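One structure is given below, encoded as structure tokens.
Just so it is clear, none of the values below were taken in a lab; they were calculated from the coordinates. Remember, it's a predicted structure, so these values are computed and weren't measured experimentally. All Cβ positions, glycine included, derive from the backbone under ideal geometry; neighbour counts span all protein chains shown.
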Amino acid sequence: MGTVSAQGLRKSFGDVQALNDVTLEVPDGSFFVVLGPSGAGKTTTLRALAGLERLDAGTVHLDGRDATHDPPAARDLAMVFQSYALYPRQTAFENIASPLRARKAPADEIRTAVAQVAELLHIERLLDRRPAQMSGGEMQRVALARALVRRPRAFLMDEPLTNLDLKLRVEMRTELTRIHRSLGGTFVYVTNDQVEALSMADHLAVLRDGTVQQVGTPTEVYERPANKWVAGFVGSPRISLLACHAEGDQLIGAEGWKLPRPQWATAEDGRPLLLGLRAEDLSVERRSDVALDGELYGLEPLGDRALVDVKIGDAMVKVKARPTVTGTRGERMSVAVDLDRAHLFDADTGLALAGTGR
Amino acid sequence: MALSVDEAVPGPASDPTPHARRRTGGGSRARAVIEGGLLLLLAVAMLFPVLWMVETSIKDGRDVYAVPAQFIGFDATLDHYRDVFVKPGGGRSDLSVAFLNSVIVAGASTALATLLGVPAAWAYSRFTLKAKKDQLFFILSTRFMPPVVVVIPIFLMYRDLGLINTKLGLVLIYTAFNVPFTIWMMKGFIDEVPAEYEDAAMLDGYSRFQAFYKVTLPLLVPGIAATAVFALIFSWNEFVFAIFLTSSSDVRTAPPAIAGLIGGTTVDWGLVAASAVVFALPVLVFTYLVRKHLVAGVTLGAVRR
Ligand SMILES: Nc1ncnc2c1ncn2[C@@H]1O[C@H](COP(=O)(O)OP(=O)(O)OP(=O)(O)O)[C@@H](O)[C@H]1O
Ligand SMILES: [Mg+2]
């Protein structure tokens with residue numbers, strides 16, 4: 001068992017409301033990712049789950065039991081700190097062994113467990129070193145090892161891969177997912193990297209300013225963002241948002257363009273809306289009647305593909321294209337729109353129109 | 001403009017940037033001479049009384065009063081040092097008892113202040129407390145007043161409590177004076193140690209206190225050493241409380257005992273100087289032993305993050 005659930009967490013530091021009614025349900029055995037920009041309250045959320053933060057309000061349940069007032073040691077959780085928090089006077093081995101020593105495991109058991117996790121994370125040759133003698137990436141892996149050496153109720157990981165170089169990060173991403181599959185166990189994983197979140201999560205919560213914006217599978221969050229902020233934060237390149245309003249069976253853009261109104265666009269006529277278009281749902285190569293007219297503004301080759309900036313009036317949309325695409329700046333272009341995959345948000349509230357998506 | 005001022009006034013206030021220093025060029029030699037000269041002058045002024053004390057302590061009674069005074073070429077003797085520890089007729093001298101009392105009182109009050117102050121400093125560093133700043137200010141404010149201001153009420157209270165003329169009384173009052181200092185100094189050191197070390201230890205399965213004891217305390221040893229030395233020096237040197245609150249020679253600490261040597265019809269300056277040297281030595285030696293920690297402590301750079 002390893003369910004973690006938080007209801008209505010509130011925490012303020014002076015004037016800063018770090019957590020504002022955060023509710024999360026982490027199912028047993030899931031890889032639950034909390035995604036949010038810097039300062040969103042991700043670390044505070046994890047610390048609250050771990051029992052390191054005195055909450056203003058809210059409860060934490062572990063395996064269905066109220067653990068709100070349990071001390072950290074009694075919660076049976078392991079945490080990877082954003083700052084590693086490796087004990088400076090201890091070697092990597094001693095650091096990794098610490099959770100086992102605290103729980104009075106026999107020495108030979110400790111040695112085996114540390115050796116195993118060290119092999120898993122490729123840090124065998126670091127075991128005799130102290131944190132001061134390690135690079136940031138090495139410390140990060142030792143910190144991971146200190147968590148993974150034990151089978152706790154759940155693992156809490158605070159941006160454990162941010163300090164690794166790109167290659168190692170991609171490797172470790174796969175590795176962690178593999179570890180999660182093979183060990184089982186519940187992971188609560190915090191990151192500000194949406195690629196990491198989308199690729200690793202089986203459940204994803206998007207956090208902003210201490211408020212949960214959306215919870216769902218990565219696909220749900222990507223395909224049906226709950227509001228324009230989530231749409232803008234998740235997905236790269238960033239979604240393009242165009243101001244418009246509905247009128248009869250048409251969507252009329254602030255720039256004067258017209259598109260057929262999708263069936264599900266339930267907003268009353270004239271209400272200010274935002275049309276959200278992801279780069280992969282637009283095309284400058286396909287011919288279509290459902291299209292926006294604009295002019296080429298910039299071309300960004302990315303090897304396997306190219307990004308085309310097209311100016312629609314004063315607004316700009318990013319379009320994904322084949323790497324072979326060519327054009328000159330100012331050239332007229334027609335951008336085909338896959339309206340089935342477009343998003344509509346209320347311009348005032350930012351909320352997605354009900355039924356957006358399919 | 002600023003450069004000429006810098007050259008004329010050496011010392012912390014000038015603090016020229018390396019850039020400015022390089023540009024001085026030809027002036028740097030004159031500057032070094034002036035600096036060296038001033039430092040030498042200062043050193044002589046500071047060290048002369050010490051030198052004179054050491055000289056007096058090994059001079060014969062006659063040579064002490066010799067006019068003109070002799071710096072060299074007198075007969076050295078260690079008689080005064082013997083007199084510090086041994087009575088003229090044999091047995092322990094009053095001064096040696098006073099030194100022992102000083103060791104006991106200074107040692108006990110420092111140990112007590114450290115034992116009480118370090119956990120308190122930890123609490124002030126780690127926990128959110130109501131009106132924490134005001135509390136800390138109040139604690140510090142107990143140090144604002146010099147001992148003479150409070151010695152009369154303390155005297156009256158001690159008389160009622162039966163603590164007059166006891167070593168315990170001195171230990172308690174010195175502890176009371178050293179605890180605020182220890183709290184303030186140690187809080188600085190503990191603030192330097194990331195609280196997340198303790199958080200990590202608690203998740204490892206340790207209690208809050210174990211986390212402090214196992215992870216933070218070892219990192220604080222240099223800071224504790226530096227703080228304890230300061231507390232020790234305060235207790236060792238303290239004079240006002242000692243002279244007001246003690247009267248008999250078996251309780252008296254060294255400072256009032258040494259001062260008591262001066263005042264009869266004849267003063268044995270050799271003995272005074274010898275006991276002053278003996279009195280100064282432990283502090284010097286102790287400070288020398290922990291000098292690395294002291295420097296680290298004063299710069300608050302003792303703890304590696
Ligand atoms: N101990 C503290 N004292 C005061 N403010 C704090 C404290 N801890 C966090 N905050 C504030 O609470 C908010 C949330 O902080 P938190 O560390 O949870 O963000 P985060 O999502 O982890 O950000 P990052 O990605 O940069 O680590 C921030 O505005 C931060 O300044
Ligand atoms: Mg954080």
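Sparse packing (at most 13 other Cβ atoms within 10 Å of the Cβ) combined with a DSSP loop state is found for the following trypsin sites (Lys or Arg not before Pro) in the range A:1-63: A:R54.
Dipole magnitude of the protein assembly as shown about its Cα centre, charges +1 at Lys/Arg Cβ and -1 at Asp/Glu Cβ only, in debye to the nearest 20?
So the dipole magnitude of the protein assembly as shown works out to roughly 1320 debye.
Based only on other Cβ atoms within 10 Å, what is the fewest-to-most ordering of A:S30, B:S102? Write down the numbers at each step before the final one.
Working: A:S30 20, B:S102 23.
Least crowded to most crowded, the residues run A:S30, B:S102.
Ordering B:S96, A:S135 by the number of other Cβ atoms within 10 Å of each residue's own Cβ, fewest first, gives A:S135, B:S96. Distant-in-sequence amide contacts of A:A154, defined by a placed amide H-H separation under 5 Å and a gap of 5 or more residues or a different chain, comprise A:A78. The chymotrypsin sites (Phe, Trp or Tyr not before Pro) of the range A:157-263 include none that DSSP puts in a loop with a beta carbon having at most 16 other beta carbons within 10 Å. Just to check, using Stokes-Einstein with a Kirkwood Rh over alpha carbon pairs, what's the diffusion coefficient of chain B at 20 °C and 1.002 mPa s in µm²/s? Stokes-Einstein gives a translational diffusion coefficient of 92 µm²/s. Given the Cα atoms of the range A:151-230, and with Rh set as the inverse mean 1/r over their pairs in the Kirkwood sense, what is Rg to Rh to two decimals? Result for the range A:151-230 is an Rg/Rh of 0.97. Coupling constants for the range A:210-218 follow from the phi torsions by the Karplus curve (6.51 cos²θ - 1.76 cosθ + 1.60, θ = phi - 60°), and in residue order they are x, 10, 6, 8, 6, 10, x, 6, x Hz; glycine and proline get x.
When N is the residue count of chain A, what does its C-alpha Rg come to as a fraction of 2.2 N^0.38 Å? Normalised Rg, Cα atoms only: 1.17. Result for chain A in a Gaussian network model with C-alpha springs under 10 Å: among A:T211, A:T91, A:T328, the largest mean-square fluctuation is at A:T328.
For the range B:202-255, rounded, prolate or oblate, judged on the Cα gyration tensor with a ≥ b ≥ c (square roots of eigenvalues), a/c < 1.5 rounded, else prolate if a/b > b/c? Prolate is the answer for the range B:202-255, as a/c is 1.5 or above and a/b outweighs b/c.
Taking N as the number of residues in the range B:61-213, what is its Cα Rg relative to 2.2 N^0.38 Å?
1.60
What residue among A:R208, A:R129, A:R146 shows peak mean-square fluctuation when chain A is described by a Gaussian network model with Cα springs under 10 Å? Fluctuation is largest for A:R129. Take the Cα of A:R151, step 7 Å toward its Cβ, do the same at A:D269, and the gap between the two points is 6.6 nm. Residues B:L203, A:L168, A:L273, B:L47, arranged from fewest to most other Cβ atoms within 10 angstrom of their Cβ, appear as B:L47, A:L168, A:L273, B:L203. Our Cα-only numbers for the protein assembly as shown put the radius of gyration and Dmax at 37.1, 122 Å. Backbone amide hydrogens, once placed in the peptide plane, bring A:Y189 within less than 5 Å of A:F32, A:V33, A:V34, A:M157, excluding anything fewer than 5 places away on its chain. Short-range pairs are left out: with C-alpha atoms under 8 Å and at least six residues apart, the relative contact order of the range A:1-126 is 21 percent.
GNM remark for chain B: springs join alpha carbons under 10 Å apart, and the peak mean-square fluctuation among B:V171, B:V84, B:V50 falls on B:V50. Neighbours of A:P237 by Cβ distance under 13 Å: Lys/Arg scored +1, Asp/Glu scored -1, total +1. The trypsin sites (Lys or Arg not before Pro) of the range A:73-106 that DSSP puts in a loop, and whose beta carbon has at most 16 other beta carbons within 10 Å, are A:R89, A:R103, A:K104. Antiparallel beta bridges, as assigned by DSSP with both residues in the protein assembly as shown, represent about 75 percent of the total such bridges. Sequentially through the range B:273-290, phi angles give Karplus couplings (6.51, -1.76, 1.60; θ = phi - 60°) of 5, 4, 5, 5, 5, 4, 5, 7, 4, x, 4, 4, 4, 4, 4, 5, 4, 9 Hz, Gly and Pro residues having no value and appearing as x. Taking the Cα centre of chain A as reference, the dipole from Cβ charges on Lys and Arg (+1) and Asp and Glu (-1) amounts to some 1200 debye. Taking the charge dipole of the protein assembly as shown about its Cα centre, with +1 at Lys and Arg Cβ atoms and -1 at Asp and Glu Cβ atoms, the residue from B:Y81, A:A105, A:L35 reaching farthest to the positive side is B:Y81. Note on the range B:91-298: dipole from Cβ charges, positive end direction compared against B:Y124, B:P256, B:A231; the farthest Cα belongs to B:Y124.
Would you work out the Kirkwood radius for the range A:96-177? I mean one over the mean of 1/r across all pairs of different Cα atoms, in Å.
With all distinct Cα pairs of the range A:96-177 included, I get 13.3 Å.
Spin-label model, B:A30/A:R329: points 7 Å from Cα along the beta carbon direction are separated by 6.0 nm. Taken about its Cα centre, the range A:1-125 carries a charge dipole of about 360 debye when Lys and Arg each add +1 at the Cβ and Asp and Glu each add -1 at the Cβ. Short-range pairs are left out: with C-alpha atoms under 8 Å and at least six residues apart, the relative contact order of chain A is 16 percent.
In terms of distances greater than 30 angstrom between alpha carbons, the cross-link table entries A:K11/A:K104; B:K59/B:K292; B:K130/B:K214 yield A:K11/A:K104; B:K59/B:K292.
Computed from backbone phi with θ = phi - 60° and the Karplus coefficients 6.51, -1.76 and 1.60, the 3J(HN,Hα) list for the range B:90-98 is x, x, 6, 7, 4, 5, 5, 4, 4 Hz; x is used for glycine and proline. Electrostatic bookkeeping for B:G260 treats Lys and Arg as +1 and Asp and Glu as -1; over the other residues with beta carbon under 11 Å from its beta carbon, the sum is 0. Positive-end ranking of A:V212, A:Q194, A:N227 along the dipole of the range A:165-287, with charges on Cβ about the Cα centre, is headed by A:Q194. Taking a straight line from the alpha carbon of A:K320, these lysines sit under 17 Å away, with near neighbours fewer than eight places off in the same chain left out: A:K311.
Net charge within 11 Å of A:G330 by Cβ-Cβ distance, Lys/Arg positive one each and Asp/Glu negative one each, not counting A:G330 itself? Present the calculation step by step, with values, prior to reporting the outcome.
Details: positive: A:K311, A:R329, A:R332; negative: A:E295, A:E331.
In short, +1.
Ellipticity at 222 nm from helices only: DSSP H runs of n ≥ 4 in chain B, each -39500 (n - 2.57), divided by the residue count, give -22500 deg cm²/dmol.
Computed on the Cα trace of the range A:30-157, the radius of gyration divided by the Kirkwood hydrodynamic radius gives Rg/Rh = 0.99.
Relative contact order of chain B: 27 percent, from C-alpha pairs under 8 Å at least 6 residues apart in sequence. Each residue, B:T128 and B:A69, gets one label point 7 Å from its Cα in the Cβ direction; the gap between the two is 6.3 nm. Answer rounded, prolate or oblate for the range A:230-346, using the Cα gyration tensor with square roots of eigenvalues a ≥ b ≥ c: rounded when a/c is under 1.5, else prolate when a/b is larger than b/c, else oblate. Prolate, because a/c is 1.5 or more and a/b exceeds b/c. Amide H contacts of A:G298: A:D309, each under 5 Å away and 5 or more positions distant or on a separate chain (H built 1.01 Å from N in the peptide plane; Pro and chain starts excluded).
In summary, the convex hull built on the alpha carbon positions of the range B:78-143 has an orientation-averaged projected area of 6.7 nm².
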